[in-house]
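A short reminder: the numbers here are calculations on the coordinates, not readings from a lab. What you see is a predicted model, and the numbers here were worked out from it, not measured in a lab. When we count neighbours, we look across all protein chains shown, and the Cβ atoms used for this are built from the backbone with ideal geometry, even at glycine.
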Amino acid sequence: MVKDLGKTNLIEQLKMADFHTVKKQEKDLGLSIVIGAYGITLEEMTQLYAVFANDGNWQKTEMLDDKLTERKVRNTSIISPSATYLITEILAQIKRPDLPNNFDYTYRLPKIAWKTGTSFGRRDAWSIGYNKKYTVGVWVGNFSGEGVPELSGAEIATPLLFQLFNTLDYNASNEWFRQPKDVVSRQVCAESGDLPSEYCTNKILDYSIKNISHTRKCTHLKKLNVNLTESMSYCMQCLPVEAYKEKLYNNLSPELISFYELKHILYEKIPLHNPNCTRFFKTDNNAPMITNPNHGSEYFLSENDTQQMQLACQTANDVREVYWYINDHLLKKASANKPVFFKPSLGKLKISCTDDKGRSSSISVMVKGE
């Protein structure tokens, strides 16, 4: 999601929420920001969750003095009320993997929205929750930073969070957030979350925001014409008069296929296209995606360096072989989703990958000597 929306947009929102470490390190932050690759305090994180309880408006935390003086509070809009309502509905779900396993007083489970977290090495356990009246942040751990094998947000911090809410305001669960008028329900495919196509059989009701939520039609299945043994597929140009049938196949993304191949996970592959077909596939949008090296990057090699450069790509699931080119000269034919290694020459290199359907993509890198 951060890649699609742009990390700059997320960073700007976090800066508006007064995340001090983000302000200092924004030039060095990458996509890993979404899994917590920056410093954060309990106060900052709890302030951010309070935004969801306040129709998307952020407020600076004020410590109450003995006189409980009322101060003018500055509201900063961070997220739309409709988006905060959808987030709240997700975080208020009871059937979830981070509900404490040994929570023996579930009948007093407070009506709250909450999220847990456990840091790497089990050094910190987090649980933050909110309702209409309170936002509570819980941190459990050692001040020395020493990890504890049993430490987790779900099993250690969340039960304490529930106890705090039940102690603070047990009856607050009677008041809950109202659904905004522009949040409506619609039927979607349970497999993809997109609007159902004619092939979708598992349909559910889900929320959407008027004029905001996408209206893509589901493509997680696609229908192909195959021979009776399902060993060959046909397009409309080479479709025989008889001895074929229609079959639905999972329309897997190149990234998922690459993962399956790497982990040797079985999946149903689309049969090879009719080798006698004269159709040219270059106009299709499923060209190989070159994942290594990175487009526009610089690589440095010493004079006696024997290091080779790795070429890798992700392809559609109807591809069996790819052809690698360096500066428009054929380097090697290889199996799809299998890495290829070569010794690069110095200078600017154009790297191209063409699949067995004629679809092609290219990148360029610079190789310098040290």
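Brief remarks on what is shown
- Debye log10 I(q)/I(0) at q = 0.11, 0.12 Å⁻¹ for the chain, Cα point scatterers: -1.05, -1.14
- Full extension of the chain between LEU5 and ASN166 gives 54.2 nm of extra length, using 0.36 nm per residue less the Cα-Cα distance.
- Ranked for footprinting exposure by Cβ neighbours inside 10 Å, fewest first, GLU155, GLU175 give GLU175, GLU155.
- Placed amide H near ILE78: partners under 5 Å, 5+ positions off or other chain: ASN57, TRP58
- Seen against the Cα atoms of the chain and their longest principal axis, helix 42-52 is set at about 80 degrees.
- The order of the peptides 242-248, 224-230 by mean Cβ neighbours within 10 Å, most packed first, is 224-230, 242-248.
- Between 0 and 90°, nearest 10: helix 81-91 axis offset from the chain longest Cα axis: 90 degrees
- Amide hydrogen neighbours beyond the local backbone of LEU331, cut-off 5 Å, H modeled: TRP324, TYR325, ILE326
- Helix 158-169 axis versus longest C-alpha principal axis of the chain: approximately 40°, rounded to the nearest ten.
- Pairs over the 24 Å Cα-Cα cut-off, from the set LYS263/LYS333; LYS7/LYS263; LYS133/LYS181; LYS95/LYS263; LYS3/LYS27; LYS222/LYS269: LYS7/LYS263; LYS95/LYS263.
- Candidate aspartates and glutamates for bridging to LYS15, where Cα separation is under 18 Å - those fewer than 8 sequence places away on the same chain excluded: GLU26, ASP28, GLU43, GLU44
- For the chain, size of Cβ-based charge dipole, Lys and Arg +1, Asp and Glu -1, in debye: 840 debye
- Reachable lysines from LYS217, criterion Cα separation under 17 angstrom, eight or more residues apart if same chain: LYS203
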